[in-house]
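This report refers to the structure that appears directly beneath it.
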Protein chains: 2
Amino acid sequence: MPRGEARGDGSTAPRGVDVARLAGVSQKTVSRVFNAEQYVSAEARRRVLEAAEALGYRMNNAARALASGRTRTIGVVTLGTALYGPASLLIGVERAARDAGYALRVVNTLEGDPGGVAGAVESLLEQGVDGIVVSEPIDEGAEGALSLSTDVPVLVLGAPAAFGGPRAVSAGVGAEALARAATEHLLELGHVTVHHLAGPQRWFAARDRLEGWRAALAARGRQQPSVIEGDWSAASGYAAGRDLASAGDLTAVFAANDDMAVGLIRALADAGLRVPADVSVVGFDDIPVSAYVTPPLTTVRQPFDSVAHEGLRLLVQAIEKPDAEPAPANDPPVELVVRASTAPPPARKTPARERHTATRARGATHAPPTEGEPPATH
Amino acid sequence: MPRGEARGDGSTAPRGVDVARLAGVSQKTVSRVFNAEQYVSAEARRRVLEAAEALGYRMNNAARALASGRTRTIGVVTLGTALYGPASLLIGVERAARDAGYALRVVNTLEGDPGGVAGAVESLLEQGVDGIVVSEPIDEGAEGALSLSTDVPVLVLGAPAAFGGPRAVSAGVGAEALARAATEHLLELGHVTVHHLAGPQRWFAARDRLEGWRAALAARGRQQPSVIEGDWSAASGYAAGRDLASAGDLTAVFAANDDMAVGLIRALADAGLRVPADVSVVGFDDIPVSAYVTPPLTTVRQPFDSVAHEGLRLLVQAIEKPDAEPAPANDPPVELVVRASTAPPPARKTPARERHTATRARGATHAPPTEGEPPATH
DNA sequence: TTGAAAGCGCTAACAA
DNA sequence: TTGTTAGCGCTTTCAA
């Protein structure tokens, strides 16, 4: 296709030389101006910018990429799901990439797609990217590991760096610490132990939360009830709640995400158990509605934004200064949001009714209650 | 930077000529094979593919784009928010683009960013895209309209095509029809009128829902209560619920999204009003938890996937066959999900208590109750 | 069915 | 501080 035909108006998109001619300089000087290189006189710069403006010049990125070998683009592999976590992380990555001067290419993997991540990475490599972000990957077994030669730096978000190949870097939301904080909150309220409604264990994110829960119980020498595994959905939380309701010793549950927590709470209510009077529940994510469900959900908030920025800093460093020592990642903040779904356990053998007005335990924990929320009724 | 240095192993990425040499053909034949052009002998094709495999050849997209003037990439402008609607639409667009053989570049606009959409479009144009999708834009007034010469076809999702410039095409989720169905559902249950908790009116999506609500009331000659405007958040729904609770004649509310509906229901409960015994509430979106909140939320489901595919079909046609008449868009399906937050209005002046066990009205509407959900208690 | 030659619009390396 | 000269790895055009 001849130059500029895509414009559809028969004319031709202006090129660097067109600007140069109008400005009375060489094409290279135009290039210098648009790359903000030094050694351009103020006068030349002014004339170039003026000419470019007059012509409506826009640099051709394909030509730039071909000549320079760099695309100034980062590719993202993410899961094709509207789940709050992955969606929020993608937004953080976009912003961080733009702040760092990179554009974004996005490829979704479909869960259950065999070799999905590897295929997605391959397609990004073909499209041309300077670096790749693998966001919240799922462990697909041996094939999942990116043993393929990646050619470009890889950042793994929410999974071990090893997942991204030998030279990958990684950053995480600190899910284990968050899960530990959530569990400790329940223990501090006086619960003897805490049950765990886990996410699907093929997800690294789910495993980290399980580990944090384990660690919190182990640190206090508490017994670890058997784990129920859900699939992140409220429906699976509901099913789990049905099972748990029949466990006689149930007083506290840590759910691996808020959706499951909501389903769980509903199942408990349907079984005649009150939250938090009979059973306390902590979620994970702080989804937008969590402050307004019944009861308002105590949960843990993931630092998506800081993790995305931190991760991209590492990735960009790996791209631009491959030989520099990768700066160690900082531990992300732990933010527990205490609302009304947690309370001290009911007194032993006391009929539930008598504890209906039990005082909420507040303020004993890591973060103040969120502002602007409704009064915690019930 | 010399060829292949990005590999870091000192070697050079193989090019088409390298493959050609090994296969004993010309570089042009390699190009033909990888573009699936005709007029390549089976024998030549086999040898080329073999050589490419042996060398680990991957075509250079920048070179292809430079030579052909086409990038095989579509740019998406979307809102940097994890709101369920926009996030779901983005996923649909990614899948549809890939199905059509296009890669995706993504740029987020930040709400309140002046000229955000225009700036995002400009940046996509610089990056090089064959077409642009503007997803769920916000009306930013005169500056918002993409009067700029876009050079490439534009698809506007969820707003009038005019928003995208003179030659833009558009597709929508049929929000007006969905809102009308939601409102009609309430009227059919016997409510005299329906209040509306609207989304921010700078969003086209919010306006469409308002219009649908208006149309449903107007069609039956019902009075239109004054509209309350929220900001999509559950907090704003809660605030609206507080106000509405004091309106004496309140029996039904249509909320412009599920988050607000959840906040609204909570405020009503805090004010001593029961849902659905005293007040019925319909939401919009069918977010993942909506079947498990208390009470399970009657809502409306947006056909993100079919709209994304339909829209991309139009966009790709505009890219590849600019002269063809754009096929008219089909009306997307209307899917009302009836759960337990809607019921007939309470009998006049009857104390609420007496209606506590009112039978749910089911099956009178447009879609069967969703499968796999919990029994509708309360 | 295949190949040779001429760019695509830019950057890199070097010279002035 | 500026310009010149070669490519970058493909597609296009035309000839064989």
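With respect to A:D278, determine if the residue is assigned to a loop (DSSP other than H, G, I, E, B) and out of contact with any Leu (no Cβ under 9 Å at 6 or more places or on another chain).
Here the answer is no, as A:D278 does not meet what is asked.
Sort out which residues of region A:52-109 are in contact (Cβ under 8 Å) with a residue 60 or more places away in the chain, more than 15 Å from the chain's Cα centre (by Cα) and surrounded by 19 or more Cβ atoms within 10 Å (Cβ to Cβ), and write them in order of number.
A:A65, A:I74, A:Y102
Taking the stated definitions as given, is B:G24 at pLDDT below 95, buried (at least 19 other Cβ atoms within 10 Å of the Cβ) and more than 16 Å from DNA strand D (Cβ to nearest atom)?
Judged against the criteria, B:G24 is not a match.
Tell me the residue from A:I287, A:I319, A:I265 that is crowded, with 24+ Cβ neighbours inside 10 Å, touching a strand residue (DSSP E or B) at 6+ places or on another chain (Cβ under 7 Å) and within 14 Å of another protein chain (Cβ to nearest Cβ), please.
A:I265
So how many residues does region A:93-126 have that are in a helix (DSSP H, G or I) and within 9 Å of chain B (Cβ to nearest Cβ)?
Final tally of qualifying residues: 8.
Within region B:34-50, can you find the residues that are on the phi > 0 side of the Ramachandran plot and near DNA strand C (Cβ under 10 Å from one of its atoms)?
B:Y39
Can you find a residue in region B:241-255 that is within 10 Å of another protein chain (Cβ to nearest Cβ), part of a helix (DSSP H, G or I) and closer than 18 Å to B:A343 by Cβ?
Scanning region B:241-255 turns up at least one residue that is within 10 Å of another protein chain (Cβ to nearest Cβ), part of a helix (DSSP H, G or I) and closer than 18 Å to B:A343 by Cβ.
Among the residues in region A:221-238, are any in contact (Cβ under 8 Å) with a residue 40 or more places away in the chain and farther than 20 Å from B:Y84 by Cβ?
For region A:221-238, residues in contact (Cβ under 8 Å) with a residue 40 or more places away in the chain and farther than 20 Å from B:Y84 by Cβ: absent.
Quick test of your reading of the structure: A:T81 fulfils all but one of (1) within 30 Å of A:N257 (Cα to Cα); (2) more than 8 Å from chain B (Cβ to nearest Cβ); (3) among the polar types (S, T, N, Q). Name the failing condition by number.
Here A:T81 clears every test but (2).
Only one of (1) under 21 Å from the mean Cα position of the chain (by Cα); (2) at pLDDT below 90; (3) among the small types (G, A, S) is not met by B:G131, so which one is it?
(2)
Is it the case that A:F304 is at the interface with another protein chain (Cβ under 10 Å from one of its Cβ atoms) and touching a residue at least 60 places away in the same chain (Cβ under 8 Å)?
So A:F304 fits the description; yes.
From the set of residues in region A:38-74 that are assigned to a loop (DSSP other than H, G, I, E, B) and near DNA strand D (Cβ under 8 Å from one of its atoms), which is nearest to the other protein chains (Cβ to nearest Cβ)?
A:G69
Which ones in region A:283-329 are within 16 Å of the chain's Cα centre (by Cα) and in a loop (DSSP other than H, G, I, E, B)?
Hits for region A:283-329 are A:F284, A:D286, A:I287, A:P288, A:Q302, A:P303, A:A329.
Of the residues that make up region A:84-92, is at least one under 30 Å from A:N257 (Cα atoms), among the β-branched types (V, I, T), modelled with pLDDT of 95 or more and not in a helix (DSSP H, G or I)?
No, region A:84-92 contains no residue that is under 30 Å from A:N257 (Cα atoms), among the β-branched types (V, I, T), modelled with pLDDT of 95 or more and not in a helix (DSSP H, G or I).
Quickly run through region B:182-199 and pick out the residues that are surrounded by fewer than 17 Cβ atoms within 10 Å (Cβ to Cβ) and either aliphatic (A, V, I, L, M) or on the phi < 0 side of the Ramachandran plot (or both).
B:E188, B:V192
Of the residues B:R209, B:R214, which single one is in contact with a helix residue (DSSP H, G or I) (Cβ under 7 Å, 6 or more places away or on another chain), crowded, with 17+ Cβ neighbours inside 10 Å and of a type in the set (K, R)?
Answer to the selection: B:R209.
The values are calculated or read from the model by the stated rules, or taken from the named source; none is laboratory data. Predicted model, so just to flag it, every value in this text is computed and none were measured. As a convention, Cβ positions derive from the backbone with ideal geometry for all residues, glycine included, and neighbour counts pool all protein chains shown.
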